[in-house]
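Nothing in this text is a laboratory measurement; each read-out follows from the coordinates by a stated rule. Since this is a predicted model, take the numbers as computed values, not measurements. Ideal geometry is used to build each Cβ from the backbone, glycine not excepted, and the neighbour counts take in all protein chains shown.
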Amino acid sequence: MYARHRGFAVLALGIALAVSTTTPLTAQESDDWAVGSWEGTLEAGPQTLQIIYHVALDDAGGLTGTMDVPAQGATGIPLTTVTVEGQTLTMTFPVPGGGTYEGTMDDSGMISGTFTQGPASFPMELTRSEG
């Protein structure tokens, strides 16, 4: 009788491991650290711009977002893609020449990365913001 219960326990453990290793994580389970508003200052030569990214979950559980550039009167610019891999956040946006921000979150909660538009790239740090 012990062997029968032991076999069942091994089978149940095997099924649990198979499910846990083959079931993909949803954005809510793996990427929720990126959800919220992130603010940074872009210093591009003589120009300094505040940029705010708003990252949210869409109806399917994926990541989506918008960006604001208040000094230019631009708000709610849709992000083309928002992806997270581990602690790295990548966002693309429709600007002349194509735009990307890619950064990695450190232990303090700050994201250090690079803002790229066309051939130009600039370092930019993001911190959580209220808005």
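Determine whether residue 108 is in a strand (DSSP E or B), free of Cβ contacts under 8 Å to residues at least 24 places away in the same chain and exposed (fewer than 15 other Cβ atoms within 10 Å of the Cβ). Even if it seems obvious, please write down each step before you answer.
Details: in a strand (DSSP E or B): no; free of Cβ contacts under 8 Å to residues at least 24 places away in the same chain: yes; exposed (fewer than 15 other Cβ atoms within 10 Å of the Cβ): yes.
Answer is no for this residue.
Within the stretch 37-61, which residues are loosely packed, with under 15 Cβ neighbours inside 10 Å, out of contact with any Phe, Trp or Tyr (no Cβ under 6 Å at 6 or more places or on another chain) and in contact (Cβ under 8 Å) with a residue 24 or more places away in the chain?
41, 43, 61
Since residue 91 meets every condition but one in (1) free of Cβ contacts under 8 Å to residues at least 40 places away in the same chain; (2) part of a strand (DSSP E or B); (3) in contact with a Ser or Thr (Cβ under 6 Å, 6 or more places away or on another chain), which condition does it not meet?
Evaluating residue 91 over (1) free of Cβ contacts under 8 Å to residues at least 40 places away in the same chain; (2) part of a strand (DSSP E or B); (3) in contact with a Ser or Thr (Cβ under 6 Å, 6 or more places away or on another chain) leaves (3) as the failure.
Take the stretch 44-62 and flag every residue that is in a strand (DSSP E or B) and under 19 Å from residue 90 (Cα atoms).
Of the stretch 44-62, the ones in a strand (DSSP E or B) are 44, 47-57.
Of everything in the stretch 44-62, those that are in a strand (DSSP E or B) and under 19 Å from residue 90 (Cα atoms) turn out to be 50, 51, 52, 53, 54, 55, 56, 57.
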